[in-house]
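The values are calculated or read from the model by the stated rules, or taken from the named source; none is laboratory data. Here the structure is a predicted model, which is why all the values come from computation and not from measurement. Note that each Cβ is placed from the backbone with ideal geometry, even for glycine, and that neighbours are counted across all protein chains shown. Just the protein is used for accessible areas: all its heavy atoms, side chains included, with ligands, DNA and RNA removed. Shrake-Rupley method; radii C 1.70, N 1.55, O 1.52, S 1.80 Å.
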Amino acid sequence: MAGFIDRDKVLFPLKNISSVVEIFKNQLESNHEPDLALLSIIAGAVENSLTCRSNVSIQVVEPKTLPILELHTIEDLYNKFHAIMKGAIDVSKSENKVCTRETIKKVSDVVWNSLTRSYYKDRAHLQSLYSYLTGRKLDCFGVAFAVVAGCQALGFSDVHLALSEDHAWVVFGESGTETAEVTWHGKGNEDKRGQEIGKGVSARSWLYVNNKPVICTRAMEVAALVSAINPSLNATLDACEVACLQQELLWLLYDLGHLAKYPMAIGNLGDLEEIAPTPGRVPCSALFQEAILSARTYYNNQHVYPYTYQGGYFYRNKMYKEAFESWANASDVIRLYNYSRDDEEIYKEFLEIANELIPHIMKVISSGFSANSILKKPECFANLLRFYDGICQWEQGSATPVLHIGWAKPLVNTISKFDADVRAQVNIVCESDCSSLDDRKLPRSNGNTSCFNNNNNYCLSQDHAKSHNLIDQIESKVTKDEEVTNL
Ligand SMILES: CC1(C)CN=C(N2CCN(c3ncnc4sc(C(F)(F)C(F)(F)F)cc34)CC2)S1
């Protein structure tokens, strides 16, 4: 590890965004691995100086300048982190060796036991080592990141961050295939720190993405800390300097090739580019497509978020037909999983799409009578069925139910907006073996199953064959629930 070397120190005091970008560039282009502790402290210090309560008086700073960051501020925190790690774990005997589960648990314990007793864990700006070292507070990502940075500081180059779409853990050992939980997940769940990643039921849950997590290199761990930068000043305002820094750092990582296997980071860059397009760069729509391609190429299309990044973009830009297709593709991913209690985040995502976004679209378009209304397009109806069917299949074989009466009304209301002649153009092809898909949920080979055949009809093929009983399923649930409520 290069550590905090003179070439970076001469750039202090940091007064503007480009000097911060310069330090990241030096670290990423050096022939040593980038120093995670240094970069996390710097990113956290910049974020804190521009967003935290203390000085939220509307900053009238020169564009692209930052409140001055002195060298000693960063150096003291950097030395403090090394002192904490080296003071707690004696590594003299394990020079240039791979790390052990016991050492990883010890590093996780050092971080865990030094955190403030109780604080609001979901607050913003708790992701960096700056937050850990100055406020003794970290969110669940921050704890995992701190463990990896701590192991790097102790000289272990085999310990790396593993990321699903809603959880983080570490991989380590000779071939980097050992796994260990190092942080908590969700609310009210006992943490499993020290244990290897679930082989049991949780293996089929979205939380562990069917064992297709993003396994980070050091540079991808830098991309994770940059993705975790949070420009929000409050619920409505962003500190534009912080957003601008995050965007420039993501482009730096993108150009160096470190986002290629990190779909969510590409999606984050797409979100930033939609708000503030960088002249000369690809459009944000291309980035959302790249994120999808990355997930299909490297993670066997087992990730949901690339499709919801893209669907959200289409929705915000009133491209509703395209949004339906993205959301149906997201649903094609989730149908392979069993819903478990750890999957609340993705449940909320699908709930919002089904019960807020799609009903909103139905409301705004049914007021217009244009001939090319999506209500006249069978492919829109087909994609909506595919979307709902994926959620039904997600529920099937799961210990925890997904659907309830609250889902049925918006669903039936949406489907009934399409005229019978449009619905008639969607053929639901029932493969002979569609029943065999019920329990095994064979992972699909390619990206999306094409729902359209060549004679201009729209068929929901193979896995979607269940769509024909989709409405029966919902209606039976509705009557059951109604019976219950009427009891
Ligand atoms: C389409 C969306 C609703 C918009 N933002 C989404 N994000 C925002 C960024 N985001 C992320 N962006 C980069 N890297 C990571 S690693 C990670 C995590 F594994 F859950 C962790 F580490 F536990 F927090 C989350 C996450 C989570 C997903 S999904």
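May I ask you to compute the full-extension gain from residue 419 to residue 298, defined as 0.36 nm times their residue separation minus their alpha-carbon distance, rounded to one decimal in nm?
39.5 nm is the gain from fully extending residue 419 to residue 298.
With viscosity set to 0.692 mPa s at 37 °C, what whole-number translational diffusion coefficient in µm²/s follows for the range 228-380 from Stokes-Einstein and a Kirkwood radius over Cα pairs? Walk me through the numbers before you get to the answer.
On the way: Rh = 17.0 Å.
In µm²/s, the coefficient is 193.
At most 13 other C-beta atoms within 10 Å and a DSSP loop state: those are the exposed trypsin sites (Lys or Arg not before Pro) I care about. Give me the longest piece of the chain that has none.
With a cap of 13 other Cβ atoms within 10 Å, the longest stretch comes to 319-487.
Where the accessible area of the chain is counted over protein heavy atoms with a 1.4 Å probe, how much of it, in %, is carbon and sulfur?
53
Cβ under 15 Å from residue 89's Cβ, residue 89 left aside: what net charge do those residues give with Lys, Arg +1 and Asp, Glu -1?
On the way: positive: 86, 93, 97, 101, 105, 106; negative: 90, 95, 102, 109.
With Lys, Arg at +1 and Asp, Glu at -1, the net is +2.
Does anyone have the angle between helix 218-227 and the longest principal axis of the chain? Alpha-carbon axes, 0 to 90°, nearest 10?
Around 70 degrees separate the two axes.
Can you compute the helix-only [θ] at 222 nm over the chain? Use -39500 (n - 2.57) per DSSP H run of at least 4 residues, normalise by all residues, nearest 500 deg cm²/dmol.
Rounded to the nearest 500, the figure is -15000 deg cm²/dmol.
At 0.36 nm per residue, minus the direct Cα-Cα distance, what do residue 278 and residue 203 gain on full extension? Give it in nm, one decimal, please.
23.0 nm is the gain from fully extending residue 278 to residue 203.
Taking the Cβ-Cβ separation of residue 83 and residue 109 as r and a Förster radius of 22 Å, what is the calculated FRET efficiency to the nearest 0.05?
Numbers: r = 17 Å, r/R0 = 0.76.
Once rounded, the FRET efficiency stands at 0.85.
For the Cα atoms of the chain, what angle does the longest principal axis make with the long axis of helix 305-316, in degrees from 0 to 90, nearest 10?
Between the helix axis and the principal axis of the chain, the angle is about 70 degrees.
If one computes the Cα centroid of the range 281-319 and of the range 209-249, what distance in Å separates the two points?
When both Cα centres are located, 17 Å separates them.
Within the set 97/187; 15/121; 97/261, which residue pairs have Cα atoms separated by over 29 Å?
97/187; 15/121
How much length, in nm to one decimal, is gained on full extension between residue 65 and residue 363, taken as 0.36 nm per residue of separation minus their Cα-Cα distance? Intermediate values should be presented prior to the final figure.
Details: separation 298, 0.36 × 298 = 107.28 nm, distance 4.47 nm.
The span from residue 65 to residue 363 would gain 102.8 nm if fully extended.
Which of the aspartates and glutamates could a cross-linker span from residue 321 if the Cα-Cα distance has to be under 18 Å and same-chain partners fewer than 8 positions apart are dropped?
332, 352, 356, 379, 389, 419
Accessible area per residue of the chain at 1.4 Å probe, in Å²?
Counting only protein heavy atoms, the per-residue value for the chain is 44 Å².
Measure nothing fancy, just the Cα-based angle from helix 405-415's long axis to the longest principal axis of the chain, in degrees from 0 to 90, nearest 10.
Between helix and principal axis, roughly 60 degrees.
Please give, to one decimal in nm, the separation of the simple spin-label points placed at residue 97 and residue 345, each 7 Å out from Cα toward the Cβ.
Label at residue 97, label at residue 345, 3.5 nm between them.
Counting other Cβ atoms within 10 Å, which chymotrypsin sites (Phe, Trp or Tyr not before Pro) in the range 339-383 have at most 11 and lie in a DSSP loop?
Within the range 339-383, the qualifying chymotrypsin sites (Phe, Trp or Tyr not before Pro) (loop, at most 11 other Cβ atoms within 10 Å) are 369.
Go through 21, 226 and list them by solvent-accessible area, largest first, probe radius 1.4 Å.
Putting 21, 226 in descending order of accessible area: 21, 226.
Under 27 Å Cα to Cα from residue 93, which lysines show up? Leave out anything in the same chain fewer than 8 places away.
Partners found: 80, 105, 106.
Rounded if a/c is under 1.5, else prolate if a/b beats b/c, else oblate: with a ≥ b ≥ c from the C-alpha gyration tensor eigenvalues square-rooted, which is the range 122-228?
On the way: a/c = 1.67, a/b = 1.17, b/c = 1.43.
Verdict is oblate for the range 122-228.
Excluding residue 113 itself, what net charge comes from residues whose Cβ is under 15 Å from its Cβ, given Lys and Arg +1 and Asp and Glu -1?
Summing Lys/Arg as +1 and Asp/Glu as -1 gives +4.
Specify whether the C-alpha gyration tensor of the chain places it in the rounded, prolate or oblate class, a ≥ b ≥ c being the square roots of the eigenvalues: rounded for a/c under 1.5, otherwise prolate if a/b is larger than b/c and oblate if not. Write down the numbers at each step before the final one.
Numbers: a/c = 2.19, a/b = 1.68, b/c = 1.30.
Verdict is prolate for the chain.
In percent, what relative contact order does the chain have, based on Cα pairs under 8 Å that are 6 or more apart in sequence? Present the calculation step by step, with values, prior to reporting the outcome.
Values: 729 pairs, mean separation 52.3, N = 487.
Here the relative contact order equals 11 percent.
Calculated FRET efficiency, residue 76 and residue 29, Cβ-Cβ r, R0 25 Å, to nearest 0.05?
My answer for the efficiency is 0.45.
Could you compute the net charge surrounding residue 20? Neighbours are other residues with a C-beta less than 12 Å from the C-beta of residue 20; K and R count +1, D and E count -1. Could you put the intermediate results ahead of the total?
On the way: positive: 15, 25, 64; negative: 8, 22, 47, 241, 248.
Charge balance in the 12 Å sphere: -2.
Give the calculated FRET efficiency between residue 318 and residue 212 to the nearest 0.05, with a Förster radius of 22 Å applied to their Cβ-Cβ distance.
FRET efficiency, residue 318 to residue 212: 0.10.
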